[in-house]
Amino acid sequence: MLVNIGPSHPAMHGVIRLLTELEGEKVLKVQAEIGYLHRAFEKSCENSTWTQAMPYTDRLNYVSPLINNFGYCGAVEKLLGIEIPERCKYIRVLMSEVSRITDHLTCIAASAMELGAMTAFLYLMKAREYLYEIVEEVTGARLTISYGRIGGVKSDLPAGFEKNLLDSLKKVERELSEVDRLLTRNRIWVDRTRDVGVLTKENAISFAITGPVARASGINYDVRKAFPYFVYDRMQFDVPLGERGDNYDRYLVRMEEMRQSIRIVRQALHDLPGGAVAVDAQGEVIDSFDLIDEAKLGHTAGLLRVNTTVEPTLEGTERRYRDRVLPKGRTLALPSKEDTYSNIEGLMNHFKMIMDYHGIRPPAGEAYFPVEGANGELGFYVVSDGSDRPYRVRARPPCFFNMAGLHTMLEGYMVADIIATFGSINMIAGELDR
Amino acid sequence: MSSEEGQGPGFFTSKLERMVGWARKYSIFQYPFVTACCGMEYMSTASGHYDMDRFGAGLPRFSPRQADVLFVVGTISHKMAPVLVRVYEQMCEPKWVVAFGVCTCTGGFYDNYATVQGIDTIVPVDIYIPGCPPRPEAVLDGLMKLQEKIEKQKQFY
């Protein structure tokens with residue numbers, strides 16, 4: 001009997017069509033059809049400038065958008081051949097790990113809900129809210145943040161961030177241990193996930209599967225350890241490995257990865273060069289609107305040394321922060337807001353960075369930069385022809401390879417296991433179909 | 001009281017309309033047609049922090065035959081459009097459609113070959129909630145507007 005588990009289905013994970021051939025309750029063959037969320041990411045990037053491609057990368061793996069941002073930025077920085085500031089590397093590591101935690105929280109919450117454990121869903125969503133508040137404090141948005149910039153990040157960390165982050169991490173750890181007590185040794189959970197959806201090591205390697213799904217099958221490959229980027233080589237963390245490659249192992253691997261991510265966040269916060277606190281303005285501080293008025297009237301004497309306060313959406317981009325998170329070159333990143341508003345060189349610099357046919361122009365060439373996404377190796381392959389628009393941006397979506405191997409995990413099991421297994425591989429349609 | 005034809009809404013008919021409207025607006029069974037990033041904000045809105053359940057809209061029904069509000073959450077591509085129309089047609093009257101997120105309102109910033117530029121080109125829409133993704137507070141505001149609409153509209157029986 002051919003049953004179509006259609007693109008609109010009750011599982012919480014993305015749009016996909018599974019054509020299953022059933023014999024009673026047993027699944028004989030499964031064919032997956034994808035492409036229902038194709039949003040032309042790669043083509044859109046070709047039609048926008050290098051910085052304008054950033055919001056498109058947010059929406060790839062929309063549960064961990066910061067990792068996508070920084071992956072793309074890393075690829076372009078490799079092409080440009082520039083080094084980003086030290087502090088910026090730590091900020092990127094910190095925010096990537098926060099994003100990874102939100103991704104794993106969402107995955108486990110959704111798979112728990114699909115198996116009927118609604119309480120675990122609500123508790124993990126509560127934990128995710130704490131992290132969304134942290135992300136909002138730093139970047140300004142909860143989900144689609146466009147925080148990365150070529151050569152750095154958009155703005156520095158706000159005041160009071162350290163305390164908020166440490167508090168939130170404590171609360172997240174509390175929720176994690178609560179859900180651990182609810183699920184890990186729960187008879188029903190173990191019965192439904194153990195020895196279900198087994199992915200053998202050989203299959204995982206032949207399908208090029210990476211990430212928690214492969215690590216649950218015993219393959220010790222983590223991009224953060226194999227090809228360390230930013231400051232991961234200075235962080236101490238473990239990479240959890242599973243044995244059997246079933247749903248239960250994938251669940252355990254994700255839970256442990258969340259704890260390791262919290263460990264990395266604490267280390268990054270502790271080791272941030274320049275400290276976690278925002279730099280206090282020394283000397284005279286005037287409001288940015290007053291600064292603009294003074295500059296327009298021509299009273300520009302001493303304005304290069306003055307510190308300003310800007311409106312909340314621009315906080316963290318002032319002159320005293322700019323060099324901590326953006327590269328120093330004039331052709332690489334926008335000048336600080338005081339420079340833009342108060343002197344003509346800054347304004348010209350700003351224009352040259354923003355206008356069409358100007359802006360960041362990496363030399364012609366290509367670069368591949370892999371990062372450890374929440375689902376596996378997320379790689380950005382970027383080709384430049386020397387102009388202000390990318391010639392080609394290809395994202396290597398980790399879910400794509402996981403989905404290719406999905407049918408080996410479903411065949412031979414029952415119909416009811418389809419949704420459970422499908423949930424545990426964390427298919428994110430935005431990444432799969434781009 | 002016995003025959004109301006030709007006299008417009010009478011006292012009891014209008015009271016009945018208001019009661020049916022009140023009952024319908026506080027018992028919304030949604031069909032969350034979730035495709036993309038807005039789904040994350042939908043999940044946040046349905047969870048404990050920004051509760052949708054206190055508006056009576058807490059129970060999603062995953063079959064279109066059992067739902068009355070179709071929440072179209074996330075980008076609809078041209079491949080997905082016939083599926084959306086089919087799900088919409090499978091729902092029974094009275095039904096409402098909420099376009100959640102700017103991709104469903106107007107196509108968002110995906111102005112390309114693959115995206116439907118607004119689902120009101122294929123299904124009739126009652127409430128538009130813009131945002132990329134809309135904050136949960138915006139979703140709740142849209143939900144309240146939907147409730148107002150349900151309460152005040154001429155009821156179908």
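The values are calculated or read from the model by the stated rules, or taken from the named source; none is laboratory data. Note that the coordinates shown come from a computational prediction; the quantities given were computed from them, not determined experimentally. Here the Cβ positions follow ideal geometry from the backbone for every residue, glycine too, while neighbour counts run over all protein chains shown.
None of A:148, A:152 is assigned by TED's automatic domain parsing to the domain that holds residue A:78, crowded, with 24+ Cβ neighbours inside 10 Å and within 14 Å of the chain's Cα centre (by Cα) except A:148.
Residues in region B:85-96 include none that are within 14 Å of the chain's Cα centre (by Cα) and crowded, with 22+ Cβ neighbours inside 10 Å.
If I ask for residues that are surrounded by 14 or more Cβ atoms within 10 Å (Cβ to Cβ) and away from chain B (no Cβ under 14 Å), which ones from region A:1-17 would you list? Matches in region A:1-17: none.
Considering only region A:305-352, how many residues are among the aliphatic types (A, V, I, L, M) and over 30 Å from residue A:81 (Cα atoms)? Counting residues in region A:305-352 that are among the aliphatic types (A, V, I, L, M) and over 30 Å from residue A:81 (Cα atoms) gives 2.
Given the residues A:46, A:21, A:25, A:33, which is the only one that is farther than 24 Å from residue B:133 by Cβ, more than 13 Å from the chain's Cα centre (by Cα) and in the same structural domain as residue A:138 (by TED's automatic domain parsing)? Give the derivation first.
Details: A:21 fails: in the same structural domain as residue A:138 (by TED's automatic domain parsing); A:25 fails: in the same structural domain as residue A:138 (by TED's automatic domain parsing); A:33 fails: in the same structural domain as residue A:138 (by TED's automatic domain parsing).
So the residue among A:46, A:21, A:25, A:33 that is farther than 24 Å from residue B:133 by Cβ, more than 13 Å from the chain's Cα centre (by Cα) and in the same structural domain as residue A:138 (by TED's automatic domain parsing) is A:46.
Of all residues in region B:39-57, those that are closer than 17 Å to residue A:109 by Cα and more than 9 Å from chain A (Cβ to nearest Cβ) total 3. Remark: pairs (first residue in region B:13-37, more than 14 Å from every other protein chain (Cβ to nearest Cβ) and farther than 30 Å from residue A:142 by Cβ; second residue hydroxyl-bearing (Ser, Thr, Tyr) and surrounded by fewer than 13 Cβ atoms within 10 Å (Cβ to Cβ); Cβ separation under 9 Å; 6+ apart in sequence or on different chains) = B:20/B:157. Within region B:75-124, being of a type in the set (S, T, N, Q), part of a loop (DSSP other than H, G, I, E, B) and more than 10 Å from every other protein chain (Cβ to nearest Cβ) holds for B:106, B:117.
Would you check which residues across region A:340-361 are part of a helix (DSSP H, G or I) and at pLDDT 80 or above and list them?
Kept after step one, since they are part of a helix (DSSP H, G or I), are these residues of region A:340-361: A:340-342, A:344-354.
Across region A:340-361, the qualifying residues are A:340, A:344, A:345, A:346, A:347, A:348, A:349, A:350, A:351, A:352, A:353, A:354.
Residues that are without any contact (Cβ under 8 Å) to a residue 60 or more places away in the chain and not in a helix (DSSP H, G or I): does region A:226-236 have at least one?
Taking every residue of region A:226-236 in turn, at least one turns out to be without any contact (Cβ under 8 Å) to a residue 60 or more places away in the chain and not in a helix (DSSP H, G or I).
Taking region A:18-27 as the range and being in contact with a helix residue (DSSP H, G or I) (Cβ under 6 Å, 6 or more places away or on another chain) and either within 14 Å of another protein chain (Cβ to nearest Cβ) or buried (at least 16 other Cβ atoms within 10 Å of the Cβ) (or both) as the test, only A:27 passes. Collect the residues in region B:134-157 that are buried (at least 17 other Cβ atoms within 10 Å of the Cβ) and modelled with pLDDT under 90, keeping them in residue-number order. Matches in region B:134-157: B:150, B:151.
Looking at the structure I just gave you, is residue B:13 modelled with pLDDT of 85 or more, within 26 Å of residue B:151 (Cα to Cα) and either outside any helix (DSSP H, G or I) or out of contact with any Phe, Trp or Tyr (no Cβ under 6 Å at 6 or more places or on another chain) (or both)?
Working: modelled with pLDDT of 85 or more: no; within 26 Å of residue B:151 (Cα to Cα): yes; either outside any helix (DSSP H, G or I) or out of contact with any Phe, Trp or Tyr (no Cβ under 6 Å at 6 or more places or on another chain) (or both): yes.
Spelling it out, it is not the case that residue B:13 is modelled with pLDDT of 85 or more, within 26 Å of residue B:151 (Cα to Cα) and either outside any helix (DSSP H, G or I) or out of contact with any Phe, Trp or Tyr (no Cβ under 6 Å at 6 or more places or on another chain) (or both).
Count of region A:205-218 residues, restricted to those that are more than 17 Å from residue A:379 (Cβ to Cβ) and in a loop (DSSP other than H, G, I, E, B), is 2. Does at least one position in region A:395-402 carry a residue that is within 19 Å of residue B:37 (Cβ to Cβ), modelled with pLDDT of 90 or more, among the hydrophobic types (A, V, I, L, M, F, W, C) and not in a helix (DSSP H, G or I)? Among the residues of region A:395-402, at least one is within 19 Å of residue B:37 (Cβ to Cβ), modelled with pLDDT of 90 or more, among the hydrophobic types (A, V, I, L, M, F, W, C) and not in a helix (DSSP H, G or I), which makes the answer yes. In this structure, residue A:30 qualifies as at negative phi, more than 12 Å from chain B (Cβ to nearest Cβ) and in contact with a His (Cβ under 6 Å, 6 or more places away or on another chain). Inside region B:91-143, residues that are over 19 Å from residue B:77 (Cα atoms) and not hydrophobic (A, V, I, L, M, F, W, C) make up a count of 10. Kindly indicate the residue of region A:155-166 that is part of a helix (DSSP H, G or I) and in contact (Cβ under 8 Å) with a residue 24 or more places away in the chain and also surrounded by the most Cβ atoms within 10 Å (Cβ to Cβ) among those meeting that condition. The qualifying residue surrounded by the most Cβ atoms within 10 Å (Cβ to Cβ) is A:165. Residue count for region A:33-51 under the criterion of being facing another protein chain (nearest Cβ under 10 Å), in contact with a helix residue (DSSP H, G or I) (Cβ under 9 Å, 6 or more places away or on another chain) and farther than 30 Å from residue A:418 by Cα: the result is 2.
Just one of the numbered conditions (1) farther than 20 Å from residue A:143 by Cα; (2) in contact with a Phe, Trp or Tyr (Cβ under 9 Å, 6 or more places away or on another chain) is not true of residue B:109: (1). Against the list (1) outside any loop (DSSP other than H, G, I, E, B); (2) within 12 Å of the chain's Cα centre (by Cα); (3) in contact (Cβ under 8 Å) with a residue 40 or more places away in the chain; (4) within 11 Å of another protein chain (Cβ to nearest Cβ), the condition residue A:92 fails is (4).
For region B:125-148, filtering for residues that are outside any loop (DSSP other than H, G, I, E, B), among the small types (Gly, Ala, Ser) and within 11 Å of chain A (Cβ to nearest Cβ) leaves 0.
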